[in-house]
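Working notes, beginning with the structure itself.
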Amino acid sequence: MFKNFLLLGLFLLTPLEAIAQGIEAVTVSTNADGDQEYSMTLQALFIMSALSLIPAFIMMMTSFTRIIVVLSILRQAIGLQQSPSNQILIGISLFLSMFIMAPVFEEVNETALQPYLEETMTSKQAFEAAKLPMREFMLSQTRVKDLETFVRIGGYEDLYDDPADVPLTVLIPAFVTSELKTAFQIGFMLFIPFLILDLVVASILMAMGMMMLSPMIVSLPFKLMLFVLVDGWNLIFGTIATSFGMGV
């Protein structure tokens, strides 16, 4: 799955001309005095650039953004600054994204990647076939208002009547904007019970005259206990997966 994930990234990020013409990493030229000079071809540079953009592809075109933002807000709501660490949150977000995106990647693998590897489909055909499932996923998670905003900003009002015709250069920023809004909505709902617990603890300490004691220190164990008792991680991961339409 991970290998197919990387190959999919190359499909969507590598210019079609570089794929179609073949890649010669290094060219050798002979000077008049018999010396040889070595230079890297533009195709190889395109591939290297595409590889460097794979992390951006993972973050901006999959469910990764929503997941990492929700988990970060959850950590702040509980009151933990460094636990779980950023590395753990990123790892959880990455593998949960692979789980959520598995149907999309499987469709790309069957309709584009495998036919291309078997040489039954040209690179351009494979590229177009790979874009369709990704476009369908992003469109299903993008709000019409966000899509219309970027269409208007780009001056494409008269060019695209159907959202399915919008190019990826417009769809991707609209998709990211929708993901951020959804992530903050989920984060707000997560913040409420922990905020109420903080207010209760602060009121009790004030009534007892213990104003010098930080409410955060007292409420943190109770918030952790509440999160464990309600099986918080199970609920969080289930909510995130359900927000993408899984299990519905």
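The values are calculated or read from the model by the stated rules, or taken from the named source; none is laboratory data. If you're wondering where the values come from, they're calculated on a predicted model, not measured in any experiment. Cβ coordinates were reconstructed from backbone atoms using ideal geometry, including for glycine residues, and neighbour counts include every protein chain displayed. Keep in mind that these areas ignore ligands, DNA and RNA; they rest on the heavy atoms of the full protein, side chains included. Shrake-Rupley method; radii C 1.70, N 1.55, O 1.52, S 1.80 Å.
For the reader, a short list of remarks on this structure follows.
- Residue in region 191-203 that is of a type outside the set (Val, Ile, Thr), at pLDDT below 85 and open to solvent by less than 70 Å² (accessible area, probe 1.4 Å) present: yes
- One residue stands out in region 44-66 among those that are aromatic (Phe, Trp, Tyr) and open to solvent by 10 Å² or more (accessible area, probe 1.4 Å): the one that is modelled with the highest pLDDT, namely 64.
- Every listed requirement among (1) over 24 Å from residue 100 (Cα atoms); (2) part of a helix (DSSP H, G or I); (3) charged (D, E, K, R) is met by residue 161 save one, (2).
- A search for C-beta distances below 8 Å between a residue of region 68-87 that is surrounded by 14 or more Cβ atoms within 10 Å (Cβ to Cβ) and any residue that is of a type in the set (S, T, N, Q) and in a helix (DSSP H, G or I), counting only pairs 6+ apart in sequence or on different chains, returns 68/93; 71/93; 79/219.
- Positions within region 88-103 being free of Cβ contacts under 8 Å to residues at least 60 places away in the same chain and open to solvent by 20 Å² or more (accessible area, probe 1.4 Å), in sequence order: 88, 90, 91, 92, 94, 95, 103
- Yes/no for residue 235 being open to solvent by 70 Å² or more (accessible area, probe 1.4 Å), within 30 Å of residue 146 (Cα to Cα) and in a helix (DSSP H, G or I): yes
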